[in-house]
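**Student:** Could you have a look at this structure, given as structure tokens, before my questions?
The values are calculated or read from the model by the stated rules, or taken from the named source; none is laboratory data. Just so we're clear, the structure is a prediction, and the values are computed from it rather than from any experiment. Counting neighbours? That spans all protein chains shown, and the Cβs are built from the backbone with ideal geometry, glycine included.
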């Protein structure tokens, strides 16, 4: 490298520093937080002259023998140079100035301050001030446009603003930077720099890149970045010729760019890696002085100057690819360049030579690079054939500087292409979920639901502590860790430890099988040479180890080697639960911070299978996996470094649903939650809050906290959003019941029914809310999710709130549901029998049954063609069953009833599109008979116990009449427009019972008989007399008439009727109980269902009044 | 009322424990407790916590205020103020004693905490004595003392009341007595 890094020397005390050269380049001037300005004759100057300017000096600038400093006493002072005599105060701020800068002629000084202001002061007359207001945070830096027209400033509010100095107005503002509240807290000092001479470009350090903005158009024309610069850039400085740009970063990386070619021509690392905070070019352009936050001064010497020949520039750029550019073959790059340099004096010729060489062996690389070199815009893109043209264009662009400057850049460009595309992300290392990093001396090797394994590795001791949450499992253990185990897992049966291989020893797997009933509680396995354990996990009766040879080795818990198989990629982590094994591995290389992970889920049960076959694991962008495991109920779950918890949704094709974001619960930005367990029932995320870190310390013993789940649904602040979130969360977290029962575990049926009840209640609430908001379509959609019983409630709610159209649609829906419900039931039965018979196949069939059930659920949700299929399937049953001997059908009711369901279901079968007109037809034909059921009340009730097959739908009439009359009650007592409504009402009622009842468990009867009113009783008795009085009355008119008469009764009479109604109800209840006991005989597997249903409707109907939506 | 009774009352305070056994909810007259899941913090009354601790069935999580930094703050404030400052818990002394005696292994820096609480206690008791002294010396009829805990009142009650009674007797004897004394002199 032609540029030589001189050793650093101590200049100031620790803190922010600044550096500049004087006009002649004979002196280096530095200022620092000790409040001194030092004037160095050279870097070797052992006795620099010091001028004290204040308590602290933040920034200095020097021109025309006048030194300007920003000091801590809130002033911008001037000193003569080199004498150092105070020369007055230029301006004052209300707080300290942060940066000062001269314009190119030295006639003005700009100063930015922590009080959000920028001032421009004439050096000759400090009363001539211009104040630029508009920043909303302390100003970081200021720079003058060399043509004195504009001024650019950067501020902690994240903006970079260009001001028109004369008008004191903002020309443009870019929100480029990270916001901070003070200069000291700002990530970067963001020293802006305007290209000298041509004044064409403004360089803005943004994070790790430098963005170049074009004057006047203020468009971003280019970004300088390279992959080595991982730290934010602090300062930028243009070379005096305006061709090169030097940058200094937080990490102490100094880079010199050829702006034209966007090439990094030089890189130097600060010898101690301190933050560079001051940077200045020697006026000749051959040296760069820099200072760091430790107060040291350094110098880069021997840089090629801009005025030197273009070959110099090429030479200076040569080493760059050797040391840094690993994207291209260095040797190939070098050879043509050397030749080109040696044989050519003229740049143009040089280029041609290069071109020839390139065509031979590196066409693609150079071609690409050359295109990139034309960074200005598309127009300027160069293709090898028209290089001259391209040069012309560049020349045009570079109007002031002239093409002499452009040439070297263009020629250098093809040699050092900088890859700017997406960068590959380093693979995340393998880890044990629930462990803290291995480099810690005291760490958790495992914290899971069983217990805690702690590892100590300090001078005194190398040990492993095993402690169980539940001491009933095993007492705590203390093991010496002579093998140096780093991986651990813990289950109810065993502790599994693993260590990596050393020079002498192979990688080992050690298992403490404490639940073994023999005396040997421990076994150990050596892995083959060269194979290292990367991840281990324990399941029920097995242990698994993933190794560096992309192998997964299974062991029985007693130490028998079992299957082994190859993994598709390097393992990240594993988790075991029961018979499930979950593996996450690298599927490939991710880019731009993303990880490309794949996931496998295997079942080791009697039916071994791979449930998830290497699908991509959906983790958040730019994050890595931080926890993987199963919920306490056995659902796979993982958490990424962004804190998002995702749960496997088995009912939606094994997709992953985010259920919680732990970062939402963090108070501070650097706080994290370290997850140790996930429970679905109750819904808990058990984790340890870590203040200011990702991992908890082992001491003091951290306490577990519990976070709730929350699906990231939209608008969860609204009541609707809240209920939706609750509903879907409940649905999601209930999935495990299905899985557990399908894999032969006992399930907490009470909890399941509780969850279902909760869901239905939520649906009902949402239904009520939608009703309130007049969203009837939405109501129907919600009703589709409901179980059939709840739909009945919904119908009632709808009709009570006089939404007849809605009620009608709902009743159609109820019918469909009823049919659906029967379909699976019928199909299920034979399956169950076979299951009992063939024990060996039990597992698979369980599975099937389960699938069937799930299918049923799904269909309830999406309710489409599938529903119709089912109905068709059902039909044969319906036809066949009347013949079945054990279900004698009561005559009159049955006859009528049998007709009805067929009519209706036939209608629905015919059309889901034209449901509306059909429904009205049906009801037309039915209204005339609507009276009959009322009369036949008793018989239909007694028929109730015979419920259950489609044939028995007829029992519907009884409840129907009742609901009808309640409906009429209401409508008669209100509303002038009741007429049209009433016409529909009977229809609705008609449809509803017939549809709703088919599953016709006694439960329905209970529900339906309950709200019998005194008026009804009275009506029953007096109907005849009314009819006798007015023989020509229609049904509705009869009721109206009856209402009138009933009202005319004395209060006492009415009371007595109501009393009777209550008594009657009690009676009915008794009868119901009798029926129930009979109903139980119907089949044991239905009895459960019945009882569940019974409970539900009772509760829900009782709560119906509560649904009367409270919000306005 | 003697100190053991106050301590008995303090045992009704709630602390967090981390059980190492699992048990369903238990239904007691005072309310339901649990369920107890191994490793999961749960709130129980002190008496149960201590009982479980003695049987090595749980770890006790120290109350939030039982922290060296917080207690130092309270102690400094207590020393600075003339009057009684609010205490972190109405049973701070009793709880400290109970928890530190039975579960000092679960509480980091137990000794420091003990010292700090003792400091606070001493300061407060000194204040109490001082105020009692000035109360008596100024012959006030009543005084208002805020933020006193039951235990603190209890330490001074019997003595103070008795001595007030005595003094009253003495004083009331003094005035008529002076005449009586004279009469005796006669």
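**Student:** Just to be sure I understand, how many residues within the stretch A:487-500 are in contact with a strand residue (DSSP E or B) (Cβ under 8 Å, 6 or more places away or on another chain), in a loop (DSSP other than H, G, I, E, B) and free of Cβ contacts under 8 Å to residues at least 60 places away in the same chain? Outline the logic, then answer.
**Tutor:** Restricting attention to the stretch A:487-500, the residues satisfying the condition of being in contact with a strand residue (DSSP E or B) (Cβ under 8 Å, 6 or more places away or on another chain) are A:487-491, A:493-500.
Going one step further and asking which of them are in a loop (DSSP other than H, G, I, E, B), we end up with A:491, A:493-494, A:500.
Now narrow it down to the ones that are free of Cβ contacts under 8 Å to residues at least 60 places away in the same chain: A:500.
Within the stretch A:487-500, residues that are in contact with a strand residue (DSSP E or B) (Cβ under 8 Å, 6 or more places away or on another chain), in a loop (DSSP other than H, G, I, E, B) and free of Cβ contacts under 8 Å to residues at least 60 places away in the same chain number 1.
**Student:** Then there's this: How many residues does the stretch A:551-577 hold that are without any contact (Cβ under 8 Å) to a residue 60 or more places away in the chain and farther than 16 Å from residue A:534 by Cβ?
**Tutor:** Qualifying residue count for the region: 8.
Yes/no matrix, rows are residues, columns are (1) over 19 Å from residue A:275 (Cα atoms); (2) assigned to a loop (DSSP other than H, G, I, E, B):
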{"position": "A:16", "(1), (2)": "no, yes"}
{"position": "A:20", "(1), (2)": "no, no"}
{"position": "A:33", "(1), (2)": "no, yes"}
{"position": "A:38", "(1), (2)": "yes, no"}
{"position": "A:42", "(1), (2)": "yes, yes"}
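**Student:** So, of the residues in the stretch A:439-455 that are without any contact (Cβ under 8 Å) to a residue 40 or more places away in the chain and surrounded by fewer than 20 Cβ atoms within 10 Å (Cβ to Cβ), which turns out to be nearest to the other protein chains (Cβ to nearest Cβ)? Walk me through it before giving the result.
**Tutor:** First, pick out the residues of the stretch A:439-455 that are without any contact (Cβ under 8 Å) to a residue 40 or more places away in the chain: A:439, A:441, A:451-452, A:455.
Imposing the further condition that a residue be surrounded by fewer than 20 Cβ atoms within 10 Å (Cβ to Cβ) reduces the set to A:439, A:441.
Working: A:439: 24, A:441: 18 Å.
Looking at residues that are without any contact (Cβ under 8 Å) to a residue 40 or more places away in the chain and surrounded by fewer than 20 Cβ atoms within 10 Å (Cβ to Cβ), I get A:441.
**Student:** Next up: Looking only at the stretch A:92-142, count every residue that is in contact (Cβ under 8 Å) with a residue 60 or more places away in the chain, within 47 Å of the chain's Cα centre (by Cα) and either more than 11 Å from residue A:76 (Cβ to Cβ) or assigned to a loop (DSSP other than H, G, I, E, B) (or both) and tell me the total. Can you show your working first?
**Tutor:** Taking the stretch A:92-142 and keeping what is in contact (Cβ under 8 Å) with a residue 60 or more places away in the chain, we get A:98-99, A:104, A:114.
Now restrict to residues that are within 47 Å of the chain's Cα centre (by Cα): A:98-99, A:114.
Still in the running and either more than 11 Å from residue A:76 (Cβ to Cβ) or assigned to a loop (DSSP other than H, G, I, E, B) (or both): A:114.
Number satisfying all stated conditions: 1.
**Student:** Quick check, is residue A:754 under 30 Å from the mean Cα position of the chain (by Cα) and free of Cβ contacts under 8 Å to residues at least 12 places away in the same chain?
**Tutor:** yes
**Student:** Can you name the helices (runs of 4 or more DSSP H) wholly within the stretch B:22-126 that have at least 2 residues being within 13 Å of another protein chain (Cβ to nearest Cβ), surrounded by fewer than 19 Cβ atoms within 10 Å (Cβ to Cβ) and in contact (Cβ under 8 Å) with a residue 60 or more places away in the chain?
**Tutor:** The helices (runs of 4 or more DSSP H) meeting that bar number zero.
**Student:** Here's something else I'd like to know. Of everything in the stretch B:10-21, what is part of a strand (DSSP E or B) and either at pLDDT below 90 or within 14 Å of chain A (Cβ to nearest Cβ) (or both)? Give them in sequence order. Don't jump to the end; show me each part of the working.
**Tutor:** Of the residues in the stretch B:10-21, the ones part of a strand (DSSP E or B) are B:14-19.
The answer is B:15, B:16, B:17, B:18, B:19.
**Student:** Checking the conditions here, which among A:548, A:566, A:507, A:516 is surrounded by 18 or more Cβ atoms within 10 Å (Cβ to Cβ) and at pLDDT below 95?
**Tutor:** A:507
**Student:** Say whether the condition of being free of Cβ contacts under 8 Å to residues at least 60 places away in the same chain and over 22 Å from residue A:744 (Cβ atoms) is met by at least one residue in the stretch A:603-613.
**Tutor:** Within the stretch A:603-613, one or more residues are free of Cβ contacts under 8 Å to residues at least 60 places away in the same chain and over 22 Å from residue A:744 (Cβ atoms).
**Student:** Assigned to a strand (DSSP E or B) and surrounded by fewer than 21 Cβ atoms within 10 Å (Cβ to Cβ): is that true of residue A:50 in this structure? Spell out the reasoning first.
**Tutor:** Values: assigned to a strand (DSSP E or B): yes; surrounded by fewer than 21 Cβ atoms within 10 Å (Cβ to Cβ): yes.
In short, yes.
**Student:** Applying the selection to the stretch A:63-77, what residues are modelled with pLDDT of 85 or more and crowded, with 22+ Cβ neighbours inside 10 Å?
**Tutor:** If the condition is that a residue be modelled with pLDDT of 85 or more and crowded, with 22+ Cβ neighbours inside 10 Å, then A:67, A:68, A:69, A:70, A:76, A:77 are the ones that fit.
**Student:** Moving to a separate point now. Can you pull out every residue in the stretch A:464-486 that is assigned to a strand (DSSP E or B) and either within 14 Å of chain B (Cβ to nearest Cβ) or closer than 19 Å to residue A:434 by Cβ (or both)? Show your work before the answer.
**Tutor:** Within the stretch A:464-486, the first condition is being assigned to a strand (DSSP E or B), and the residues that meet it are A:464-468, A:477-480.
Selection gives A:464, A:465, A:466, A:467, A:468, A:477, A:479.
**Student:** Given the criteria within 14 Å of chain B (Cβ to nearest Cβ), in contact with a strand residue (DSSP E or B) (Cβ under 9 Å, 6 or more places away or on another chain), closer than 30 Å to residue A:489 by Cβ and without any contact (Cβ under 8 Å) to a residue 40 or more places away in the chain, does residue A:663 qualify? I'd like the intermediate steps shown before the answer.
**Tutor:** Values: within 14 Å of chain B (Cβ to nearest Cβ): no; in contact with a strand residue (DSSP E or B) (Cβ under 9 Å, 6 or more places away or on another chain): yes; closer than 30 Å to residue A:489 by Cβ: yes; without any contact (Cβ under 8 Å) to a residue 40 or more places away in the chain: yes.
Here the answer is no, as residue A:663 does not meet what is asked.
**Student:** Based on this model, can you work out whether residue A:58 counts as in contact with a helix residue (DSSP H, G or I) (Cβ under 9 Å, 6 or more places away or on another chain), at pLDDT 85 or above and either closer than 27 Å to residue A:188 by Cβ or crowded, with 18+ Cβ neighbours inside 10 Å (or both)? So that I can check it myself, show each step before the final result.
**Tutor:** Details: in contact with a helix residue (DSSP H, G or I) (Cβ under 9 Å, 6 or more places away or on another chain): yes; at pLDDT 85 or above: yes; either closer than 27 Å to residue A:188 by Cβ or crowded, with 18+ Cβ neighbours inside 10 Å (or both): yes.
Considered against the rule, which asks whether it is in contact with a helix residue (DSSP H, G or I) (Cβ under 9 Å, 6 or more places away or on another chain), at pLDDT 85 or above and either closer than 27 Å to residue A:188 by Cβ or crowded, with 18+ Cβ neighbours inside 10 Å (or both), residue A:58 comes out as yes.
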